[in-house]
Amino acid sequence: MIQFHFSVQTRSSSRRLACALICLAALAASAAHAANKQLRIGTLVPKNSLYHRQLMEIGETWRTAQGGSAKYLVFTDGSQGGEAEMARRMRIGQLQGALLSVVGLREIEPSIAALQVMPLLFRNWEEVDYVREKMRPAMEKKFLDKGFVVLAWGDAGWVRFFSKEAALRPDDFKRMKFFAWGSEPEQQSIMKSLGYTPVPLETTDILPAIQTGMINVVPSTPYFALASQIYNAAPNMLEINWAPIVGALVVTKKTWDEMTPEVRDAVRATSEKAGVQIRAKARQEVDEAVDAMKKRGLTVNKPNAEQMREWNDLAEKLYPRIRGSMVPAETFDEVFAHLKAFRAGKAK
């Protein structure tokens, strides 16, 4: 009996020891996982720019809330490839998030294109803000359904045309070669049908391409033209608010789900604040960037009333081609409905 009792106690102690070791191993693995946690964010924005600084603030909030030796890395200047490539990298887990314009966001959810690809539709930032906020809840749900969480919305100014030679009319640009996003074949097809010459490239190829004459025109925001020095090779800017550059910071749902509720709350609050800062400051920097470039030799060409009518006529011709191809028809119609309601309210 004594021997049996000793045997039972020994087996019981062994089981307890094994359970304890398993628990300790699990805790150690969990701690190591938290310590080695990384949040890798890709973007095209220049290093030390407004956008980069805001991303770093969000990252610091995440890193502090996460604890341990969690690492936050931002890859600027397109070092992770173009926006379509960054969307792909998020899907396979090489990046956990990215700050993208509509060019990259539409790789995830095509309907987002409605906020950026319809030329001369929005007259001012007030209209852009109104339509985006109206569409925001449904749009964020669409991204979530695709496996991505939208943390912040931003913009980067109006697209202007920077060219080697001065140009004022739509026809003036038909003899030139345009930079076009390599990931937007529909846009290239539309441009060709109207007599324009798109050259598909990535953002990192713009400067050498315009320096060598591969392209003559770059549709760009003033801030990006200044930061990338595009204006040195293309010293003429057409002062026309062709379209707003709209963007968002997104992270994968997998990454979001791995955060604790406390970490998510902290990141969400900082991201919302960053979005407000980005929108306000970016709009201010548009005028500042133009002034800075003018002092360094940029020529600003402003269309007169007749020339502006030609641009508006071109935009009207583009809308039927964009609807259903570059922008889903339902979303296209929704944008126009929101704008109609907004303008009617302002008129009253």
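Readers should treat all values here as calculations from the given coordinates under stated rules, not as data from a laboratory. It should be emphasised that the depicted structure is a prediction, and the values quoted were computed from it without experimental measurement. Cβ: placed from backbone, ideal geometry, glycine included. Neighbour counts: every protein chain shown.
Worth pointing out:
- Computed over the chain: relative contact order in percent, which uses C-alpha pairs under 8 Å that are six or more apart: 23 percent
- With Cα atoms, 0 to 90° folded angle of helix 2-35 axis to the chain main axis: 20 degrees
- Net charge over other residues, Cβ less than 14 angstrom from the Cβ of VAL263 (K, R count +1; D, E count -1): -1
- Anisotropy class of the range 72-145 from Cα gyration tensor, a/c 1.5 cut: prolate
- Scoring 97-108, 220-231 by mean Cβ neighbours within 10 Å over their residues and listing the highest first yields 97-108, 220-231.
- Anisotropy class of the range 259-338 from Cα gyration tensor, a/c 1.5 cut: oblate
- Low-density loop cleavage sites - GluC sites (Glu not before Pro) in the range 161-258, where at most 14 other Cβ are within 10 Å (DSSP): GLU165, GLU239
- Taking every Cα-Cα distance in the range 215-348 and sorting them into 10 Å bins from zero, the calculated P(r) comes out as 9, 24, 31, 26, 9, 1 percent.
- Cα long-axis angle, helix 125-145 against the chain (0 to 90 degrees, to the nearest 10): 40 degrees
- Tensor-based shape of the range 54-195 (alpha-carbon gyration tensor, a/c under 1.5 rounded, otherwise prolate or oblate): prolate
- In percent, rounded to a whole number, the relative contact order of the range 78-215 is 19, using alpha-carbon pairs under 8 Å and six or more apart.
- About its Cα centre, the range 191-348 has a charge dipole of approximately 360 debye under the convention of +1 per Lys or Arg Cβ and -1 per Asp or Glu Cβ, with nothing else charged.
- Summed side-chain charge close to PHE224 - residues other than PHE224 whose Cβ falls under 11 Å, Lys, Arg +1, Asp, Glu -1: 0
- Summing charges over neighbours of LEU95, with a neighbour being any other residue whose Cβ is under 11 Å away from its Cβ, gives +3 when K and R count +1 and D and E count -1.
- Separation of the range 105-150 and the range 285-318, taken as the distance between their Cα centroids, equals 25 angstrom.
- On Cα atoms only, tilt of 50-66 relative to the major axis of the chain in degrees: 10 degrees
- Only the Cβ atoms of Lys and Arg (+1) and of Asp and Glu (-1) were treated as charged; on that basis the dipole of the chain about its Cα centre amounts to roughly 740 debye.
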